[in-house]
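Have a look at the structure below before the remarks.
Please treat every number below as a calculation from the coordinates, not as lab data. Just so we're clear, the structure is a prediction, and the values are computed from it rather than from any experiment. With ideal geometry, Cβ positions are generated from the backbone for all residues, glycine too; neighbour counts draw on all protein chains shown.
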Amino acid sequence: MPSLVEPVLSAGNMAMLKQPLLRADGLVLRPWEPSDRPAVLAGYADPAIQRWHCRTMTDAEARDWIAHWPDRWQAETGAGWAVVDSSEVVGQISLRRLDLSEGQAEAAYWVLPAARGRRVAPRALTTLATWAFATLGLHRVELYHSTSNPASCRVAQRAGFTAEGTKRGEARHTDGWHDMHVHARLDSDPDPAG
Ligand SMILES: CC(C)(COP(=O)(O)OP(=O)(O)OC[C@H]1O[C@@H](n2cnc3c(N)ncnc32)[C@H](O)[C@@H]1OP(=O)(O)O)[C@@H](O)C(=O)NCCC(=O)NCCS
């Protein structure tokens, strides 16, 4: 059945772009490289990242995780960047559940323990969202965090992602169902970086 609503973006709009390197107020967001495997492993070995991202990773899985990002880019379903500070990988940021025809995606991020508290995540998220609107052409980027994770709420607020409400019992964690806070930034919202 033909839709009466035009797609926000046509298929092919993302795959035709090269994944960019983005500069984020002193940080660099760049495509993952095979040599980043130890940083990915360290991330998924951290108890806080395991708690909120609900997964662990073997060495082989970390290799595959890195290797799959270009496929996701080509399939126009997701995009992942290593967040780099002074040549060191300090975190990850990604767009998942990407839907070009609806012009929407969900952002996800983590920062390695030693780099926390320096606004790495808000800087990366602000820059990624601005690119997603201005260059890719998305309309809405949303993010979800457990209501028990106030640090992530602060990241969303600092990056200009408006709090929209709470989805009750929406996500299963190792300790059971969590209520999830929804935040989003629209292409028409102000850029917090000015
Ligand atoms: C949440 C997270 C991404 C924040 O990244 P960040 O780059 O440290 O972000 P910020 O520096 O802006 O700090 C955000 C909040 O983290 C808390 N924080 C500050 N220093 C911290 C530290 N050393 N260790 C842990 N949390 C710290 C503070 O509450 C801060 O908010 P405030 O400055 O208003 O008090 C990071 O703590 C992390 O990766 N946590 C584990 C995984 C996770 O929660 N991912 C998000 C799932 S939705």
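Brief remarks on what is shown
- Shape descriptor for the chain: Rg over Rh equals 0.95 (Cα atoms; Rh from the Kirkwood inverse mean 1/r).
- For the pair Ala67 and Cys54, label points projected 7 Å from Cα toward Cβ lie 2.7 nm apart.
- Rounded FRET efficiency, nearest 0.05, which uses the C-beta distance separating Leu21 from Asp46 and R0 of 22 Å: 0.30
- GNM result for the chain, Cα springs below 10 Å: residue of Thr77, Thr135, Thr56 fluctuating most strongly: Thr135
- Additional length obtainable on full extension of the chain from Glu6 to Arg154, 0.36 nm per residue less Cα span: 49.8 nm
- Residue order, fewest to most surrounding Cβ atoms within 10 angstrom, among Glu142, Glu170: Glu170, Glu142
- Simple Cβ-charge dipole of the chain, Lys/Arg +1 and Asp/Glu -1, about Cα centre, in debye nearest 20: 440
- Electrostatic bookkeeping for Phe161 treats Lys and Arg as +1 and Asp and Glu as -1; over the other residues with beta carbon under 10 Å from its beta carbon, the sum is -1.
- The mean sequence distance of close C-alpha pairs (under 8 Å, at least 6 residues apart), as a share of the length of region 22-186, puts its relative contact order at 19 percent.
- Segment Asp99-Ala171, length gained on full extension (0.36 nm per residue, minus Cα span): 23.9 nm
- When you filter the trypsin sites (Lys or Arg not before Pro) in region 52-121 for DSSP loop state and at most 14 other Cβ atoms inside 10 Å of their Cβ, you are left with Arg55, Arg118.
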